[in-house]
Amino acid sequence: MNILHQYTFQSLKVNRRRTLFTGMGIVISVAMITAVSVFASSFLDYMERKAIYETGDWELAYSDLNETEIQYLNTDKQVDHTFTVDDLGYAVLPESQNEYKPYWFIRACDEEGFQRLGLHLVSGRLPENENELLVSEHVAYNGGVEIELGQTITLQTGQRVLQESPDQPLNQNNPYDPEQPETIADPQPRNYTVVGIMERSDLEPRWSPGYTAITSRSETNPGVDPVVYVKLKYSGQRPQEDFPQLQIKLYPAAGVNNNVLRFRGPFWENSYFAMVASAATLTLFIIITGSVFLIYNAFAISLTERSRQFGILASVGATSRQKFWCVVQEGLMIALAAIPLGVLAGICGMAVTLRVINPMLQSLEFLSADVPFHTVVSFPAVALTVICSVVMIVLACWLPALKAARMTPIQAIRQPQKVKLKRRHRFFSFVAGKLWGVEGELAVKNIQRSGRKAGLTILSLAVSLILFTTVTSIMTMMIQAVGMTSQDELADAWVTDYSSHSFLEEKPSFTQLRQLTSVAGTQRITQVYAAVHTQNLDFDDYWSGIGEEYPALLFAVDDESYAQILAENQISEAMMADPADDVIPGILFNRYRAQITENGKKRYADVPFLQSMPETLKISIGDAGETLTIKPMALAADMDLYSSEIVYGGNLAVLIPVSNLNTLLTEAKGSRSYSDKLYLRAVPGQQETMIQQIDEIGKQNLTHSFSWYSPVQNQREDKTLLTIVSIFIYGFITLICMICLVNVINTISTNIGLRRKEFAMLRSVGMDEKKFNRMIRLESLFYGLGAAAIGIPVSLYLITLLHYNLMQGSFWFSFTMPWPMMLGGVAVLMLMVMTMMSYATRKVRKENIIETLKEEE
């Protein structure tokens, strides 16, 4: 260690408080960088494990291989592992109540395949020999066939072929068509004992004709072509360099597991990695930019304190290069201790955070409840963190180091840059003196004399204020957006059933749903898609430019709901008699929730379709082009319908009773497009119970005609996701503000220490404790006002910009000035500065005036 290294080390030891605060700022910054890299690694690891859980741990699938080729795959140095599955064929399942899935699909899997094919037991165990069978629970809730453990079944297994082309076997990707007769070619009897029930495998497409059942693979299955699943080893090569080597020696793979491959190490060129990398890069840029600025503050203060020392070094022969590296070495010495602590703190902090939010993540529908988040610390992530941290610290030291290198002995002695007062400075101190007396004048002059240090302190406080107000506003907007997605939904769930029944006849699934104890009310609505002829219709100006036809929706509701709507709109039921003379009476809904622009500002408003009620409406239904006539009996601006589509659909809506619907559709020739939905309201507090019961009924439905949606569930997931985002965002802001706080404490404590003689002089000329405290409070007030003068305009600009960009999308809500947040933030900043200054001056007040005045600077 040379003399300059020793000097730098001793300087750090002497200025322990500044060293401690600078180190704390670096630790927090490094912890944030580490947390970002660890979360990115953990997210990619989670997505890979989720893909493996759903589709299996394999990448390539080869079929039609001979024994030599299979042996080659097992011994190739690029292959990590293989497992083999035999597709034994199909067997008729006569008990199946799903006409599109009339078969068993039998597969035989080796021991490793059971572990890596993505199979998940519900009950029982895995097969141990070729006489035992593992069946999917899908056959029970979709096919209506109850299979019990220990049950023995005999299956006639063979290839599935069309009767007209028996030489072309069909597979799981060929859906069953009842209009094309099929048969099982060369069926062989096989006896099985059911030993396990598994979840439906993702390897079974929803359109496949057979329910998957798996047995243990014997050494040879004559007449069966095995499918070999392969996972490759990687040495950092790109996929296009790895795959062809196998494909050239064999031939192109029969299947590629893209769900897993997109998350494998060498597959950098994929959308998921690009998404994570982009988000992480943006976050790292924000962290490093903010940290460089805030850590720079500490080194700038250090340079101000040590300017005389650098002048002395220059006077005894230190070169500019040596002075430059003195400052850089100071930063690197602090980093030597701070970076490991920051990395450890970031890893521990992210581990705790993921542990806390893991239950919330698993509750989200687009994630898997069976695959937990793990904290993954990879060497590349840690190495990237260290590199980014070193770059950050060097950048923060660079400008102070350049200033130190350029400092001459004369400049160090004279220190001409310390105080530079201009005319406006004298004006501000004069005004402060008139308003608050000598204490106010001294407070302003103290800030002016502090120059760059005061400016950096104010800027640090302003950054904290900007971050707090901006992020809080973002979260408020997100909460408003989430609330808008469900605020107009009157139903807690709705079910669509496309099964072919008469409109007047109750669907079996709807009957089940109405009988649920968790359901408080229901409303069945059949929507028929049509087109209205626009001639002779008095459309509002908003709809200018529409063509000869405009989309329309006929809403057919049950008679009880229809009678209630008539009463609400003061329409006599006698006016709504049965159709006569080919004219169907109805109520025209004359309101649309539209986004309009006025004076360059967007807002939502209720826009009428028609300015006056027409005599009749001419509508066309289906593709036959026949025109039907509906006579509007009233224009309604509101209807007690559970469906929000009547308001937001953008279609001209006509309400008719379901009793008239059959007549209308009988008169309309050709094909029609419609949907039949049952809207449900839950008993208060039983929304979750109702959703679970609907899901169970959906599983019992044996066709693909049943689907359901719940805005309650969607809103719950949105709120959960919002909570997770809030945890990360507010954690990020807290850490940034902690860096700001550390630098402010460092600046203020150092500034107070440098003003010890000034305070002693003021006390020597008669300034008592009360006036001294008043001066300190006013100085704190001016720091807060300075931060507010910068932070409030910048925050308002950013918030307005964010609001404007959000309004370009699907959401609209009024802009509200966040004055409570801003004023509260300014008050907290002032209180924080006042507390720190009072604490820093506590020791100064106890010092002896004479001894302090006698000290050299």
Original post:
Pick from region 548-603 the residues that are under 20 Å from residue 526 (Cα atoms) and acidic (Asp, Glu): which of them is modelled with the lowest pLDDT?
Top reply: 578
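Suppose the filter is in a strand (DSSP E or B), more than 46 Å from the chain's Cα centre (by Cα) and surrounded by 13 or more Cβ atoms within 10 Å (Cβ to Cβ); does residue 154 pass it?
On the way: in a strand (DSSP E or B): yes; more than 46 Å from the chain's Cα centre (by Cα): yes; surrounded by 13 or more Cβ atoms within 10 Å (Cβ to Cβ): no.
Answer is no for this residue.
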Original post:
What residue, of 348, 326, is within 29 Å of residue 27 (Cα to Cα) and buried (at least 19 other Cβ atoms within 10 Å of the Cβ)?
Top reply: 326
Original post:
How about region 56-78: which of its residues are assigned to a strand (DSSP E or B) and either among the aromatic types (Phe, Trp, Tyr) or within 36 Å of the chain's Cα centre (by Cα) (or both)?
Top reply: 60, 61, 62
**OP:** Find all pairs meeting these conditions: Cβ atoms under 9 angstrom apart; at least six residues apart or on different chains; first residue within region 150-179 and farther than 25 Å from residue 203 by Cβ; second residue not polar (S, T, N, Q) and not in a strand (DSSP E or B).
**Re:** 163/181; 164/181
Original post:
Could we say that residue 780 is more than 33 Å from the chain's Cα centre (by Cα), among the polar types (S, T, N, Q) and modelled with pLDDT of 80 or more here?
Top reply: yes
Subject >> From the options 47, 32, residue that is part of a helix (DSSP H, G or I) and buried (at least 23 other Cβ atoms within 10 Å of the Cβ) >> reply: 32
Original post:
Counting only residues that are among the small types (Gly, Ala, Ser) and closer than 18 Å to residue 587 by Cα, how many does region 540-556 have?
Top reply: 2
Original post:
residue 76: touching a residue at least 40 places away in the same chain (Cβ under 8 Å), in the same structural domain as residue 317 (by TED's automatic domain parsing), surrounded by fewer than 20 Cβ atoms within 10 Å (Cβ to Cβ) and among the acidic types (Asp, Glu), yes or no?
Top reply: no
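The values are calculated or read from the model by the stated rules, or taken from the named source; none is laboratory data. What you see is a predicted model; the values in this text were computed from it and never measured. When we count neighbours, we look across all protein chains shown, and the Cβ atoms used for this are built from the backbone with ideal geometry, even at glycine.
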